[in-house]
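Participant: There's a structure below that I have some questions on.
Nothing in this text is a laboratory measurement; each read-out follows from the coordinates by a stated rule. Here the structure is a predicted model, which means the values were calculated and not measured. Here Cβ is always computed from backbone atoms with ideal geometry, including for glycine, and neighbour counts include all displayed protein chains.
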Amino acid sequence: MGQYFENDQLPSKLVKTECFVLGKKFIFYTDNGVFSKDGLDFGSRLLLESIPLEEVGGKVLDVGCGYGVFGIIIHKLTSCSVDMVDVNLRAIHLCERNMKENHCTNIQVFESNVYENVHSKYSSIITNPPIRAGKKVVYDIVMNARNYLEEGGKLFLVIRKEQGAKSLIKDLEKIYTVTILEKKKGFFALECSL
């Protein structure tokens, strides 16, 4: 996993994938060195299909965006303005390609180690936190989201039971009102409201 966070470049092996989410088709280019390079993973799909889209408005931030799944799909389903951030330069380049492929407007992607280069407030933040990066990074993303949410804003995330979902939920409840949107195959899709 060191390659991901240090931007060391594995040999490129670009793959074109497609997926359908809520009846809409999306095309994503993926590559070595990014999460879920074989296409949309189960946890991300569960979260996308569980989010009450009528509650997503204004400006959205996708933290740890990878090749852009959350940001692009949320943008296309809601027409929200979206910012996407990742520490991996290959992921950022893939996002740019995938934004063009999916005919996105009103999306920005930029390099940021968690919130380091984020200077705005958002109505919603969405993430599939990088568990392999360690608890410190995961907690930085989810606990500090509150500093980047507008009043009444919401954090949406997915986490697996075997990766500490229950203890994370207890910790999140110290800051947010936590709602389990969906629970399936050991994955928890969560909504955390301020």
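Participant: Taking a cut-off of 17 Å between Cα atoms, list the aspartates and glutamates near residue 25, but don't count ones fewer than 8 places away on the same chain.
Facilitator: 38, 41, 49, 101
Participant: Residue 136 to residue 25: extension gain in nm, 0.36 nm per residue of separation minus the Cα-Cα distance? Walk me through the intermediate numbers first.
Facilitator: Values: separation 111, 0.36 × 111 = 39.96 nm, distance 3.51 nm.
Result for the pair: 36.4 nm of gain on full extension.
Participant: What pairs in 76/184; 136/161; 16/136; 135/161; 16/100 have C-alpha atoms more than 21 Å from each other? Could you put the intermediate results ahead of the total?
Facilitator: Values: 76/184 25 Å; 136/161 18 Å; 16/136 33 Å; 135/161 14 Å; 16/100 14 Å.
The pairs that break the limit, which is 21 Å between Cα atoms, are 76/184; 16/136.
Participant: Using Cα springs under 10 Å in a Gaussian network model of the chain, which residue among 61, 53, 40 shows the largest mean-square fluctuation?
Facilitator: Per the Cα network of the chain with a 10 Å cutoff, 53 tops the list.
Participant: Suppose every K and R has +1 on its Cβ and every D and E has -1 on its Cβ; what is the size of the dipole of the chain about the Cα centre, in Debye to the nearest 20?
Facilitator: Working: 25 positive and 24 negative charges, 107 e Å.
That gives a dipole near 520 debye.
Participant: Another question about this same structure. Against the globular-protein guess of 2.2 N^0.38 Å, express the Cα radius of gyration of the stretch 42-159 as a ratio, rounded to two decimals.
Facilitator: On the way: Rg = 12.8 Å, N = 118, 2.2 N^0.38 = 13.5 Å.
Normalised Cα radius of gyration, the stretch 42-159: 0.95.
Participant: With the crude spin-label approximation of a point 7 Å out along Cα→Cβ, what separation in nm comes out for residue 14 versus residue 105?
Facilitator: Rounded to a tenth, the inter-label distance reads 2.6 nm.
Participant: Projected onto the charge dipole of the chain (+1 at Lys/Arg Cβ, -1 at Asp/Glu Cβ, origin at the Cα centre), which of 106, 137, 149 gives the Cα projection farthest towards the positive end?
Facilitator: Comparing the listed Cα positions along the dipole, 137 ranks first.
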